Amino acid sequence: MLRKVLIANRGEIAVRIARACYELGVASVMVYSEADRSSLHLRSGDEAYYLGASPASESYLRADRIIEVALTAGCDAVHPGYGFLSENAEFASAVVNAGLIWIGPPPPAIALMGSKIESKRLAEAHGVPVVPGYFGSDQADETLRHEAQRIGFPLLVKASAGGGGKGMRIVSDSGGLLEALQGARREASAAFGDDALMIEKYLTAPRHIEVQVLGDLHGHLRHLGERDCTIQRRHQKIVEESPSPVIDEDLRAAITSAAVTLSTAAKYSSAGTVEFIFQDGAFYFLEMNTRIQVEHPVTEEALGVDLVQAQIRIASGEFLDSIIGEPQLTRHAFEARLYAEDPNTGFLPSVGRLNRLKLPAPNENVRVDSGVSEGDSVTPFYDPMIAKIITSGPDRAQALLQMRNALNAVEVEGPKTNLGFLKWLFANPDFMDGNFSTRFIEQHYTPGIDAETPLAVLLAASRSLVGSRLATQDHDSVWRASGWRHGRQQMPLHIVVAGNTFRVTMSKEAGHVDCWAYEVQHDGVLISEGKCVVRTLSAGGSSEIALAVDMPDINGSAICRVRDRAEEGIEVSFDGLTYPVRLAESLSTDHLNKHVLGGAEDTLASPMPGKVLKLLVQEGEEVFDDQPLVIIEAMKMEFTVRAPHSGRIARLAYPQGSQVAVGDVLIEMEKAQ
Ligand code: ADP
């Protein structure tokens, strides 16, 4: 087994590799740039060495410096992760020449498969289908024009050395060809230092299906099933799953055997991915990625394997059989990449400090791979990914539900993110049915839309924040027995439901027990108003209750379960989904003060959900204007309810220590005559 591995990367993948090292008892050495001086990945390794300034070219791409660090630190191997130097055959060779072990495929396999043109030729030679196209070395405009006519439009111009969708141009007719060739050449030589182009038939509604392979150093190679990475923006993946909902057993056998044939022909070892494009039941080889992929966790969760550990053990000389045996596909897994990027600007990166970052709690169905924590910054220097959220379940529907719940638990404040998009996607009926192509986003997504929060959830949340109804006393009977007149006060409550802030106003309808007039706003826009009846169905112990919410205006009726999460707020479950709810923090007590007392005549309601911390007066007591009457505590804030005028305390509805909801009437007062 290896002893000490230098991880030539940063962010979540550096953390991920360090975890695999730790689990195998292998020491890990981190490297970092100026911008990453306090990054999470540094704390994940056993040692850390400074590389240089923030731009990747002065740090994570400095091959010589990285090898020097590996030797100085006494490492015996280098793991490149993905991106940066991971598919650089020269770097891999330099590592080997320095007497270190390269945790990846042999350098000649990287070089061969790193060229889209060379790898397509190899595929054709081994009977693996490729998209009809031109992959020749003659790059003259005239030749390319001639080939374009032969292939037919629409077509796709690609950089041979391409990656990340760079240098790619869709050309719909011959008129736009020359301009596309020139643009693609410029972009390709700037990005890859190589302006060789290729032309392919453009498939109009394809899916991206890729096959994970793993090979040892003894000539054994096997596939680990497929991943579906069809959901893309700018030709880049954003959501992946395994297995693919459109691949049946026969297709799986065919596509995986094509991947194994090609990888074997390339004399491949370690982890790699053979990418295909799939349309109308036929698949075509696209390219091979000669490294661990961003989306490797979906394979890990679907099959119960550890690909990074496998890479390390393969590099140590172990046999494939002893490492993974014959893993079975037993689960379905999704990965959603949470990016700091703005869907309103075509998903361009957004930078800034992560003032708030809440990620889902991991459990057997939820995994979170992240390289940042709250307070860190997303910088313009590197990939703006915040986290990968991976969920799994015994089938696709259950893995999907897990993802919707996991996304509900995410909160990010600071840079713009694609969270709203992800929530929209996982609630979209076509996506849920597995019915989508690589153009799904451009065809169906309108920036700004999010998965809808059901109205019933908002109403139940507003009525019961911080578990008012979780109090042991029978709230409803208090209402009935008192028979008091209710004030007309309207108290807007700003609540954060699954990361989205809503302003909910509920006012008691006179004469109706539990009947409320409500108004809900989101981003200053009225999204719903009407009347509702909210009834307590059961108080299942002290931490969970069921509420029935009837909304006659929209002919709706729902049962919501409300759970207390103590200082975190509450959680409302409805229709298999769970919505974390808390008070918006920007709500100052001054703000509450104004709203609660304005207009209240004979009743004083609780300004916020919380606990009656202290009663300062007794029933029957005469009080003066502005006298403090009761102290409410919630979300670690204290709020004093004061007398709006002089008078007498007619009734104290809640004893000290009770939980109350916003709007619950605490005190009934009689005005001084
Ligand atoms: P890169 O290496 O830049 O990521 P790929 O060749 O892997 O480029 O393609 C990236 C994505 O572009 C694919 O997943 C697919 O969505 C789209 N794409 C590539 N080739 C074609 C094609 N011939 N027709 C339609 N879409 C394509």
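The values are calculated or read from the model by the stated rules, or taken from the named source; none is laboratory data. If you're wondering where the values come from, they're calculated on a predicted model, not measured in any experiment. Every residue, glycine as well, gets a Cβ built from its backbone with ideal geometry; the counts of neighbours run over all protein chains shown.
Assorted remarks:
- Boolean, Val69 is assigned to a helix (DSSP H, G or I), in contact with a Phe, Trp or Tyr (Cβ under 6 Å, 6 or more places away or on another chain) and crowded, with 20+ Cβ neighbours inside 10 Å: yes
- All positions within region 98-124 that are within 15 Å of the ligand (Cβ to nearest atom) and within 31 Å of the chain's Cα centre (by Cα): Ile110, Met113, Gly114, Lys116
- Region 251-284: number of residues that are within 16 Å of the ligand (Cβ to nearest atom) and in a strand (DSSP E or B): 11
- Filtered residues of region 341-365 (kept if over 21 Å from Gly375 (Cβ atoms) and of a type in the set (Val, Ile, Thr)): Thr345
- Residue within region 158-173 that is crowded, with 16+ Cβ neighbours inside 10 Å, more than 12 Å from the ligand (Cβ to nearest atom) and over 30 Å from Gly317 (Cβ atoms) present: no
- Residue satisfying all of: in region 232-250; touching a residue at least 60 places away in the same chain (Cβ under 8 Å) and of a type in the set (Asp, Glu); farthest from the ligand (Cβ to nearest atom) among these: Glu241
- Selection status of Glu179, in contact (Cβ under 8 Å) with a residue 24 or more places away in the chain and either away from the ligand (no atom under 11 Å from the Cβ) or more than 30 Å from Ala302 (Cβ to Cβ) (or both): no
- Looking at Val612, Val630, just one residue is modelled with pLDDT of 75 or more, among the hydrophobic types (A, V, I, L, M, F, W, C) and touching a Gly at 6+ places or on another chain (Cβ under 9 Å), and that residue is Val612.
- Taking the conditions (1) within 30 Å of Tyr445 (Cα to Cα); (2) more than 12 Å from the ligand (Cβ to nearest atom); (3) in a loop (DSSP other than H, G, I, E, B); (4) of a type in the set (A, V, I, L, M) in turn, Val294 satisfies each one other than (2).
- In the set Ala111, Ala89, Ala125, Ala27, only one residue is small (Gly, Ala, Ser) and touching a strand residue (DSSP E or B) at 6+ places or on another chain (Cβ under 8 Å); that residue is Ala27.
- Pairs with Cβ under 8 Å, 6+ apart, first in region 545-562 and within 13 Å of Phe574 (Cβ to Cβ) and touching a residue at least 24 places away in the same chain (Cβ under 8 Å), second part of a helix (DSSP H, G or I) and among the charged types (D, E, K, R): Leu547/Arg463; Leu547/Arg469; Val562/Arg469
- Checking Glu585, Glu571 one by one, the residue that is of a type in the set (Asp, Glu), within 30 Å of Ala546 (Cα to Cα) and at pLDDT below 75 is Glu585 and no other.
- Candidates are the residues of region 410-439 that are surrounded by fewer than 19 Cβ atoms within 10 Å (Cβ to Cβ) and of a type in the set (A, V, I, L, M); the one that is nearest to the ligand (Cβ to nearest atom) is Met432.
- For Val305, the stated conditions do not hold, so it cannot be described as within 16 Å of the ligand (Cβ to nearest atom), touching a residue at least 60 places away in the same chain (Cβ under 8 Å), over 25 Å from Gly167 (Cβ atoms) and under 27 Å from the mean Cα position of the chain (by Cα).
- Inside region 196-224, residues that are of a type outside the set (A, V, I, L, M, F, W, C), away from the ligand (no atom under 15 Å from the Cβ) and in a loop (DSSP other than H, G, I, E, B) make up a count of 4.
- Among residues of region 29-55, those that are within 25 Å of the chain's Cα centre (by Cα) and in a helix (DSSP H, G or I), counted: 7
- The lone criterion from (1) surrounded by fewer than 16 Cβ atoms within 10 Å (Cβ to Cβ); (2) among the acidic types (Asp, Glu); (3) at pLDDT 95 or above left unmet by Asp194 is number (3).
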